[in-house]
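**Student:** Once you've had a glance at the structure underneath, I'll fire off some questions.
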Amino acid sequence: DEESEGSTDCESEKLSDDSEVDATDEEPPSKEELTKLLMENLDKDQMDRYEAYRRTQLNKPGIKKIATSIFGQNIPPNFLTVLSGISKVFVGEIVEKAKDVQKRYEKAALVEANLKKKAPLRPEHIREAWRLYQLENGTTPSVAWRSQGGDGDGMFFR
């Protein structure tokens, strides 16, 4: 009897080990499921901003003009799409930082009436956000053209 009880314990341990393996073999949630979960947990203000961000598109001809002037050659459409997406993310970061600056300015001025309303961003908010972005990322773009080595025309970045 004792031997049969010992083997039962051993078998139950094997079963529990198998169930642990099965639990770790589960597939991770899909991107759609994660997006749905995120959407369900956004408040109204966050949802409005997310929808506005999804609808917004930067002016591709303007981006193409700037990129062409920087690179000195025609830009392929797929690269233009990537550059447009990166630009959109960058603008989104600056706007979020400017909203934080706006809240700080309003708190410093003790303007509680404006805290409840959606006041538009002002140029000083965006300038301060840009200044903070440069400090945080350790980057200060040069306004002068930088020269590049080799046979290039010397116009690398503005």
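**Student:** For the pair Ile126 and Arg55, how long in nm is the line joining their label points, each one 7 Å along Cα→Cβ?
**Tutor:** 2.0
**Student:** Let me ask you something else. Could you give me the ³J(HN,Hα) list for region 119-133, computed from phi with Karplus coefficients 6.51, -1.76, 1.60 and θ = phi - 60°, whole Hz, x at Gly and Pro?
**Tutor:** These are the phi-based 3J(HN,Hα) values: 7, x, 5, 10, x, 5, 5, 5, 4, 5, 4, 5, 4, 5, 4 Hz.
**Student:** Also, I was wondering about something else. Nearest 0.05, what FRET efficiency do Glu40 and Glu106 give at R0 = 35 Å with Cβ-Cβ as r? It would help to have the intermediate numbers written out before the result.
**Tutor:** On the way: r = 31 Å, r/R0 = 0.87.
Taking R0 as 35 Å, the efficiency between Glu40 and Glu106 is 0.70.
**Student:** Related question: Quick one, what does Rg over Rh come out to for region 43-126 if you take C-alpha atoms and the Kirkwood Rh?
**Tutor:** Rounded to two decimals, Rg over Rh is 1.12.
Every number here is computed from the coordinates shown, using simple stated rules; none is lab data. The structure presented is a predicted model; accordingly, all values stated were derived computationally and were not measured. Cβ atoms come from the backbone with ideal geometry, glycine included; neighbour counts cover every protein chain shown.
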